[in-house]
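The values are calculated or read from the model by the stated rules, or taken from the named source; none is laboratory data. These numbers come from a predicted model, not from an experiment. Cβ coordinates were reconstructed from backbone atoms using ideal geometry, including for glycine residues, and neighbour counts include every protein chain displayed.
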Amino acid sequence: LGRAGLVKEMLALLSTMKEDCDVSLNIITYNTVLNGLRKACRFDMCLVLYNEMVQCGIEPDLLSYTAVIDSLGRSGNLKESLRLFDEMKQRQIRPSVYVYRALIDSLKKSGDFQRA
């Protein structure tokens with residue numbers, strides 16, 4: 001749905017799933033929506049959904065961090081990208097090539113070529 005640009009439909013489905021007592025949201029559900037938001041260039045919503053996920057007691061994994069760090073970097077939010085990168089390392093989640101690429105792109109976008 002995210003790739004097709006159907007963000008409203010994707011979020012409505014997520015909302016319906018939350019309200020349905022028989023459906024338990026998990027990391028796979030959240031990662032799917034986070035990645036859909038990223039692909040639909042709805043970067044602002046990625047951090048909101050990430051925070052909601054964490055508040056629900058679902059621990060982010062490598063895919064979660066990759067989607068959110070990439071989204072934050074694309075939106076120009078370098079500070080939050082770096083904060084999540086540090087959080088990721090504190091949780092002992094090994095960054096992938098994709099996370100490093102997202103951070104390098106974010107640093108270049110902010111003009112911090114030295115650190116990139």
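Only residues that are surrounded by fewer than 16 Cβ atoms within 10 Å (Cβ to Cβ) and either at pLDDT 80 or above or under 25 Å from GLU87 (Cα atoms) (or both) were counted across the range 12-31, and they come to 3. Can you name the residue in the range 75-99 that is part of a loop (DSSP other than H, G, I, E, B) and not hydroxyl-bearing (Ser, Thr, Tyr) and is also surrounded by the fewest Cβ atoms within 10 Å (Cβ to Cβ) among such residues? Per the criteria, the residue is GLN92.
Within the range 71-88, residues that are among the hydrophobic types (A, V, I, L, M, F, W, C) reach partners that are outside any helix (DSSP H, G or I) and surrounded by fewer than 18 Cβ atoms within 10 Å (Cβ to Cβ) with beta carbons closer than 9 Å, at six or more positions or on different chains, in the pairs LEU78/SER110; LEU78/ASP112; PHE85/PRO95; MET88/ARG94; MET88/PRO95.
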